[in-house]
């Protein structure tokens with residue numbers, strides 16, 4: 001399986017600069033892991049995207065080029081960021097390779113602001129929709145718990161499917177997972193983005209925006225262990241790990257565990 005490291009924090013708006021260090025730190029933590037919970041030994045073909053310092057637009061082009069190469073040579077890939085802005089060029093490449101692709105995002109925030117071009121970590125969903133890269137009905141946001149009025153209005157206007165943390169707790173993990181997988185089966189292809197801040201900061205403090213009331217590590221693993229079984233999933237990413245804000249390497253260890261469990 002292809003594993004592409006993307007050490008970029010250029011879209012982090014000052015909150016994610018340390019995210020550039022995350023890929024190497026996460027890979028270092030995998031040295032402490034053995035088999036995953038499916039009793040498989042993850043084996044990755046590791047590559048790295050070229051990052052152009054202080055040039056966000058060119059970096060995005062470079063990421064898109066690397067993602068295009070990965071999609072051409074592998075049936076499933078994992079991208080290791082980096083701040084959440086890296087998802088935009090990767091999904092743009094995925095949409096060209098896989099028409100009709102859907103996007104599942106685990107995130108505390110909807111990322112539907114409309115502030116920057118190319119999109120930053122705060123407005124990737126807005127950018128993907130407004131540039132016609134993915135239709136809003138093929139986007140599913142999971143774990144939301146902090147948003148502003150503009151984002152709520154955008155979600156309502158575009159009718160973006162979403163599941164809040166409140167709904168997850170009210171309906172139960174099993175019911176929510178069943179609903180997610182049912183929706184994803186209707187997509188010809190799927191991309192899954194995991195923003196580490198979907199986790200409660202008790203489990204993942206090393207991120208730009210700590211939002212109380214999130215998923216536990218085990219709950220997130222339960223989601224991804226089911227979702228990775230879907231044959232139409234073409235790629236995953238793990239983003240927004242910031243080692244500079246971490247406590248005792250807890251977040252990089254969690255990200256390494258997530259990476260291990262994505263392997264199939």
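The values are calculated or read from the model by the stated rules, or taken from the named source; none is laboratory data. Small disclaimer: the values here were computed from a predicted structure and weren't measured. Don't worry about glycine lacking a Cβ; one is built from the backbone with ideal geometry, like all the others, and counts go over all protein chains shown.
Listed residues 155, 133; which is more than 17 Å from residue 100 (Cα to Cα), at pLDDT 95 or above and either under 19 Å from the mean Cα position of the chain (by Cα) or not in a strand (DSSP E or B) (or both)? It would help to see each step written out before you state the result.
Details: 133 fails: more than 17 Å from residue 100 (Cα to Cα).
After applying the criteria, what remains is 155.
Filter the stretch 97-116 down to the residues that are over 15 Å from residue 138 (Cβ atoms) and surrounded by fewer than 24 Cβ atoms within 10 Å (Cβ to Cβ) and list them by number. Walk me through it before giving the result.
Filtering the stretch 97-116 down to residues over 15 Å from residue 138 (Cβ atoms) leaves 97, 106-116.
Within the stretch 97-116, 97, 113, 114, 115, 116 meet the criteria.
Test residue 125 against the criterion of being surrounded by 20 or more Cβ atoms within 10 Å (Cβ to Cβ), free of Cβ contacts under 8 Å to residues at least 40 places away in the same chain, part of a helix (DSSP H, G or I) and touching a helix residue (DSSP H, G or I) at 6+ places or on another chain (Cβ under 9 Å), and give yes or no.
Yes.
The conditions are (1) surrounded by fewer than 24 Cβ atoms within 10 Å (Cβ to Cβ); (2) at pLDDT below 95; (3) within 18 Å of the chain's Cα centre (by Cα), and residue 85 fails exactly one of them. Which is it?
(1)
Residue by residue through the stretch 1-18, note down the ones that are in a helix (DSSP H, G or I) and either over 18 Å from residue 250 (Cα atoms) or at pLDDT 95 or above (or both). So that I can check it myself, show each step before the final result.
Kept after step one, since they are in a helix (DSSP H, G or I), are these residues of the stretch 1-18: 17-18.
Within the stretch 1-18, just 17 meets the criteria.
Looking at (1) under 20 Å from residue 10 (Cα atoms); (2) touching a strand residue (DSSP E or B) at 6+ places or on another chain (Cβ under 8 Å), find the lone condition where residue 206 falls short.
Against the list (1) under 20 Å from residue 10 (Cα atoms); (2) touching a strand residue (DSSP E or B) at 6+ places or on another chain (Cβ under 8 Å), residue 206 comes up short only on (2).
Quick check on my filter: what residues within the stretch 53-81 are outside any helix (DSSP H, G or I), more than 19 Å from residue 96 (Cβ to Cβ) and out of contact with any strand residue (DSSP E or B) (no Cβ under 7 Å at 6 or more places or on another chain)?
If the condition is that a residue be outside any helix (DSSP H, G or I), more than 19 Å from residue 96 (Cβ to Cβ) and out of contact with any strand residue (DSSP E or B) (no Cβ under 7 Å at 6 or more places or on another chain), then 53, 54, 55 are the ones that fit.
Looking at the stretch 24-36, can you tell me whether even one residue there is assigned to a loop (DSSP other than H, G, I, E, B), touching a residue at least 60 places away in the same chain (Cβ under 8 Å), surrounded by 16 or more Cβ atoms within 10 Å (Cβ to Cβ) and in contact with a strand residue (DSSP E or B) (Cβ under 9 Å, 6 or more places away or on another chain)?
Residues of the stretch 24-36 assigned to a loop (DSSP other than H, G, I, E, B): 33-36.
Imposing the further condition that a residue be touching a residue at least 60 places away in the same chain (Cβ under 8 Å) reduces the set to 33, 36.
In the following step, the residues that additionally are surrounded by 16 or more Cβ atoms within 10 Å (Cβ to Cβ) were identified as 36.
Within this subset, residues satisfying the condition of being in contact with a strand residue (DSSP E or B) (Cβ under 9 Å, 6 or more places away or on another chain) are none.
So far as the stretch 24-36 goes, no, none of its residues is assigned to a loop (DSSP other than H, G, I, E, B), touching a residue at least 60 places away in the same chain (Cβ under 8 Å), surrounded by 16 or more Cβ atoms within 10 Å (Cβ to Cβ) and in contact with a strand residue (DSSP E or B) (Cβ under 9 Å, 6 or more places away or on another chain).
Given the criteria surrounded by fewer than 19 Cβ atoms within 10 Å (Cβ to Cβ), at negative phi, part of a loop (DSSP other than H, G, I, E, B) and more than 16 Å from the chain's Cα centre (by Cα), does residue 150 qualify? Working first, answer last.
Values: surrounded by fewer than 19 Cβ atoms within 10 Å (Cβ to Cβ): yes; at negative phi: yes; part of a loop (DSSP other than H, G, I, E, B): no; more than 16 Å from the chain's Cα centre (by Cα): yes.
In short, no.
I'd like to check something: does the stretch 87-101 contain any residue that is within 27 Å of residue 252 (Cβ to Cβ), free of Cβ contacts under 8 Å to residues at least 40 places away in the same chain, outside any strand (DSSP E or B) and touching a helix residue (DSSP H, G or I) at 6+ places or on another chain (Cβ under 7 Å)? So that I can check it myself, show each step before the final result.
In the first step, residues of the stretch 87-101 are kept if they are within 27 Å of residue 252 (Cβ to Cβ); the result is 87-91, 93-94.
Still in the running and free of Cβ contacts under 8 Å to residues at least 40 places away in the same chain: 89, 93.
The next check asks that each one be outside any strand (DSSP E or B); those that pass are 89, 93.
Those left that are additionally touching a helix residue (DSSP H, G or I) at 6+ places or on another chain (Cβ under 7 Å): 89, 93.
Checked against the condition, which is being within 27 Å of residue 252 (Cβ to Cβ), free of Cβ contacts under 8 Å to residues at least 40 places away in the same chain, outside any strand (DSSP E or B) and touching a helix residue (DSSP H, G or I) at 6+ places or on another chain (Cβ under 7 Å), the stretch 87-101 yields at least one hit.
Please state which of the following conditions residue 50 fails to meet, knowing it meets all the rest: (1) part of a loop (DSSP other than H, G, I, E, B); (2) in contact (Cβ under 8 Å) with a residue 40 or more places away in the chain.
(2)
Among the residues of the stretch 141-159, write down those that are within 28 Å of residue 242 (Cα to Cα) and in contact with a helix residue (DSSP H, G or I) (Cβ under 6 Å, 6 or more places away or on another chain).
Of everything in the stretch 141-159, those that are within 28 Å of residue 242 (Cα to Cα) and in contact with a helix residue (DSSP H, G or I) (Cβ under 6 Å, 6 or more places away or on another chain) turn out to be 143, 145.
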